[in-house]
Amino acid sequence: MLKLIRPLNCLIASLVVFISNKITYGESFPIYAMLGAFSISAFINVTNDIFDIEVDRFNHPERPLVKGEVSPLDAHMIALIFLILGLYFSSKHSNWALLLGSFGMFLGLLYNLEIKAVPILGNILVSFVTFLAFLYGANLGNLERIIPGALLGAYLQFLRELVKSLEDKEGDKIYRKTVAHVFKEEILQYILFFGIMFLTILDVIPVFFGYSTLYGIGVFALVNLPLWLFSRNIFRGEYSVMRKVLKFATFSALFPLYFA
């Protein structure tokens, strides 16, 4: 079951909630919001694997459903359990969290069912769900403090989605049309490269609008330097490597954001 829910993604979602709550001056340890974010992420990940099982036979043959380690019936039951847990923990934290958590799960399910097959719109939808994750556990009294981080997180997720579309291009073409089928590979490579370079400029701008200098130093060292070092992999067609680098950047960006 652990591989099915993709625990690292769920952990990142929980940390996003912890940090957004902290920098908006919320409670010291928002345990219910963190558990809710973990459950919501798990629900979206499991339903993604359920609806993508045929595509994953080509793109991700190591996944549990494809390998037969988890049956489709068990996967549906696991998804239902995390749906209930996501709603329960969200309601225990706040009505705001329940509203955003329910909306996020609905959008995640909609994406897995239909929108994933719509080029660009599907990528934007995933990025918007990431944006909602930053707002989900935040203190509404200081919501504006998390907006810069939420926008950067959504933008980073959008770049990851573009890389994943290139990585999965061959397997996807049998079942759906993605952004990698709309643009020529060379064009999308340049869009990604300059998009990443633009991110390394954008992510230090919040320092001039209230985020701490320590945040700026941390982003430069933990996010920008790795992206500068590995961005050339895009032109080599090493999309799996770049996807992992962007996931690392997503995780490492949380540390400087904690000190924002």
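The values are calculated or read from the model by the stated rules, or taken from the named source; none is laboratory data. Being a predicted model, the structure only gives us computed values, none of them experimental. Cβ placement follows ideal geometry from the backbone for every residue including glycine, while neighbour counts extend to all protein chains displayed. Just so you know, the surface numbers come from the protein's heavy atoms only, side chains and all, with ligands and any DNA or RNA stripped out. Shrake-Rupley method; radii C 1.70, N 1.55, O 1.52, S 1.80 Å.
Report whether or not L83 is farther than 24 Å from E27 by Cα, under 21 Å from the mean Cα position of the chain (by Cα) and open to solvent by 50 Å² or more (accessible area, probe 1.4 Å). Give the derivation first.
Values: farther than 24 Å from E27 by Cα: yes; under 21 Å from the mean Cα position of the chain (by Cα): yes; open to solvent by 50 Å² or more (accessible area, probe 1.4 Å): yes.
Spelling it out, L83 is indeed farther than 24 Å from E27 by Cα, under 21 Å from the mean Cα position of the chain (by Cα) and open to solvent by 50 Å² or more (accessible area, probe 1.4 Å).
Looking at I124, is it over 12 Å from the mean Cα position of the chain (by Cα), open to solvent by 10 Å² or more (accessible area, probe 1.4 Å) and more than 20 Å from A33 (Cα to Cα)?
Values: over 12 Å from the mean Cα position of the chain (by Cα): no; open to solvent by 10 Å² or more (accessible area, probe 1.4 Å): yes; more than 20 Å from A33 (Cα to Cα): yes.
It is false that I124 is over 12 Å from the mean Cα position of the chain (by Cα), open to solvent by 10 Å² or more (accessible area, probe 1.4 Å) and more than 20 Å from A33 (Cα to Cα).
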For segment 196-219, what are the residues that are out of contact with any Phe, Trp or Tyr (no Cβ under 8 Å at 6 or more places or on another chain) and surrounded by 15 or more Cβ atoms within 10 Å (Cβ to Cβ)? I196, D203, Y211, G216, V219
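Out of everything in segment 127-148 that is assigned to a helix (DSSP H, G or I) and among the aliphatic types (A, V, I, L, M), what residue ends up being surrounded by the fewest Cβ atoms within 10 Å (Cβ to Cβ)?
Restricting attention to segment 127-148, the residues satisfying the condition of being assigned to a helix (DSSP H, G or I) are 127-136, 140-145, 147-148.
Then keep just the ones that are among the aliphatic types (A, V, I, L, M); that gives 129, 132-133, 135, 140, 143, 147.
Working: V129: 24, L132: 19, A133: 25, L135: 20, L140: 10, L143: 15, I147: 16.
Out of the qualifying residues, it is L140.
Which one is farthest from the chain's Cα centre (by Cα), of the residues in segment 1-32 that are of a type in the set (G, A, S) and surrounded by 19 or more Cβ atoms within 10 Å (Cβ to Cβ)? Talk me through it step by step, then tell me what you get.
First, pick out the residues of segment 1-32 that are of a type in the set (G, A, S): 13-14, 20, 26, 28.
From what is left, the residues that are surrounded by 19 or more Cβ atoms within 10 Å (Cβ to Cβ) are 13-14, 20, 26.
Values: A13: 8, S14: 12, S20: 15, G26: 23 Å.
Taking the candidates together, the pick is G26.
Okay, residues lined up against (1) in contact with a helix residue (DSSP H, G or I) (Cβ under 8 Å, 6 or more places away or on another chain); (2) more than 14 Å from A133 (Cα to Cα); (3) open to solvent by less than 60 Å² (accessible area, probe 1.4 Å); (4) among the polar types (S, T, N, Q):
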| position | (1), (2), (3), (4) |
| --- | --- |
| M34 | yes, no, yes, no |
| I40 | yes, no, yes, no |
| E54 | no, yes, no, no |
| F58 | yes, yes, no, no |
| E62 | no, yes, no, no |
| V70 | yes, yes, yes, no |
